[in-house]
Amino acid sequence: AASKCCGRRMSMPDLLLIGDATEEMLHRLSEKFNIHALADIADPIAWLAKYGDKIFYVATNGHDGILPAYMEAMPNLKVISCYGVGYDAIDTAAAAARGIHVTHTPNVLNAEVASTALLLMLACYRNFLAEDAHVRSGAWEREGNAPLSRSADNQTVGILGMGRIGQAIAQKLAPFNAKILYHSRSAKPVEYIYCDSLIDMARQSDVVICITPGGPATRHLVNADVLNALGPNGTLINVSRGSVVDEEALIAALQDGRLGWAGLDVFEQEPKVPETLRVLSNVALLPHVGSATVETRAAMGNLTVDNILNHLASGSVISPVPECAHL
């Protein structure tokens, strides 16, 4: 579906596609744009040196983002539309300084990511993976019942990040009668208990759920001190970015018993996951699928394209990132 530059339709503007796109996204974009897939370009820097001034739009995702060198090579770039709510792989300050709109896909994935956080929490508390293996291996018949697990009811849950998804997680925890604490840069107008210290929140919590943005400001925010405060009976859930948690410190804490359990959807060097983490029995691991349902990914794809088409038609976008909201 992505056209080569030599086959450009002269009446259409050009769009650079970074990463994958759904068939529906490609269909909608191809009606309005010449699409150039970065994956089909052997030498992107050389290609952009030749054609970069023709690229007005970029469609990308939260993982791939866009390299600063690519952005610099597109002097007429108007919009970077990101498929995903996280956008730490995009230099939004540089984009805003040039008047480039950066958009993302908030709200449409809140409920799904919240469900994934709850899924990981329940998997840790009820020892789901080990009990599934207990049945599949035939151990139930040979050895009898599996060891008892823990109840997920009446727990104190600390949420790192109380944005839209953090609030959705808190709402989904209501039937479990959870006491909700949260830590963020500042207190929010919510009914939950604000903690100005992450370590203090961890010390008070049975489980800490990470749903804060990635990027340099939050890198290794969850470090050995936070994990020690959460303690040997504590559970860490991460559905934010792998960079938020010091992975080496996490593995050491899980190995030593200083932390009880972890449920992880994201990793520092994903899709590479350390063998030392994969062999642990007190973790539940998912391949970054927090929003990966048919329904939610369709909604994300639609909003990614809608932002581009809206700008093409009117010069404005629907869901700019905060750093570009003033443009």
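The values are calculated or read from the model by the stated rules, or taken from the named source; none is laboratory data. Fair warning: this is a prediction, and the values are worked out from it, not measured in the lab. Note that each Cβ is placed from the backbone with ideal geometry, even for glycine, and that neighbours are counted across all protein chains shown. The protein model used for the area step is the full one, side chains on, heavy atoms only, and it has no ligands, DNA or RNA in it. Shrake-Rupley method; radii C 1.70, N 1.55, O 1.52, S 1.80 Å.
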- Task: Scan (1) in contact (Cβ under 8 Å) with a residue 60 or more places away in the chain; (2) closer than 20 Å to Ala284 by Cα for the single condition Gly214 breaks and write down its number.
- Result: (2)
- Quick check, is Leu38 aliphatic (A, V, I, L, M) and more than 28 Å from the chain's Cα centre (by Cα)? no
- Taking region 271-327 and keeping residues under 17 Å from the mean Cα position of the chain (by Cα) and on the phi > 0 side of the Ramachandran plot leaves His288
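Residues to consider are Arg150, Arg98, Arg142; find the one that is free of Cβ contacts under 8 Å to residues at least 40 places away in the same chain and closer than 30 Å to Pro75 by Cα. Outline the logic, then answer.
Working: Arg150 fails: closer than 30 Å to Pro75 by Cα; Arg142 fails: closer than 30 Å to Pro75 by Cα.
Matching residue, one of Arg150, Arg98, Arg142: Arg98.
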- Item | Filter result (within 15 Å of Leu17 (Cβ to Cβ) and in contact (Cβ under 8 Å) with a residue 12 or more places away in the chain) within region 40-54 | Asp40, Pro44, Trp47, Leu48, Tyr51, Gly52, Lys54
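When the residues of region 160-209 are filtered to those that are hydroxyl-bearing (Ser, Thr, Tyr) and buried (at least 16 other Cβ atoms within 10 Å of the Cβ), which remaining residue is farthest from Pro322 (Cα to Cα)?
Going residue by residue through region 160-209, those that are hydroxyl-bearing (Ser, Thr, Tyr) are 182, 184, 186, 192, 194, 197, 205.
Add one more test, that the residue is buried (at least 16 other Cβ atoms within 10 Å of the Cβ), and what stays is 182, 184, 192, 205.
Numbers: Tyr182: 22, Ser184: 17, Tyr192: 24, Ser205: 31 Å.
So the residue we want is Ser205.
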- Note on the structure: Log entry, pairs with first residue in region 290-309 being farther than 26 Å from Lys78 by Cβ and assigned to a helix (DSSP H, G or I), second being open to solvent by 10 Å² or more (accessible area, probe 1.4 Å) and not β-branched (Val, Ile, Thr), beta carbons closer than 9 Å, six or more apart or on different chains, reads Glu295/Glu112; Thr296/Ala111; Thr296/Glu112
- Query: How many residues, within region 286-327, are open to solvent by 30 Å² or more (accessible area, probe 1.4 Å) and hydroxyl-bearing (Ser, Thr, Tyr)?
  - Reply: 3
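Conditions tested, residue by residue: (1) of a type in the set (Phe, Trp, Tyr); (2) in a loop (DSSP other than H, G, I, E, B); (3) modelled with pLDDT under 95.
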position: Ala2; (1), (2), (3): no, yes, yes
position: Arg9; (1), (2), (3): no, yes, yes
position: Asp20; (1), (2), (3): no, yes, yes
position: Glu24; (1), (2), (3): no, no, no
position: Ala49; (1), (2), (3): no, no, no
position: Asp53; (1), (2), (3): no, no, no
position: Val58; (1), (2), (3): no, no, no
position: Gly65; (1), (2), (3): no, yes, no
position: Ala69; (1), (2), (3): no, no, no
- Hits in region 132-179 - residues which are over 24 Å from Val108 (Cβ atoms) and in a helix (DSSP H, G or I): Asp132, Ala133, His134, Val135, Arg136, Ala139, Trp140, Glu141, Arg142, Glu143, Phe176
- Item | Of all residues in region 87-128 being touching a Cys at 6+ places or on another chain (Cβ under 6 Å) and among the aliphatic types (A, V, I, L, M), the one that is surrounded by the fewest Cβ atoms within 10 Å (Cβ to Cβ) | Ala96
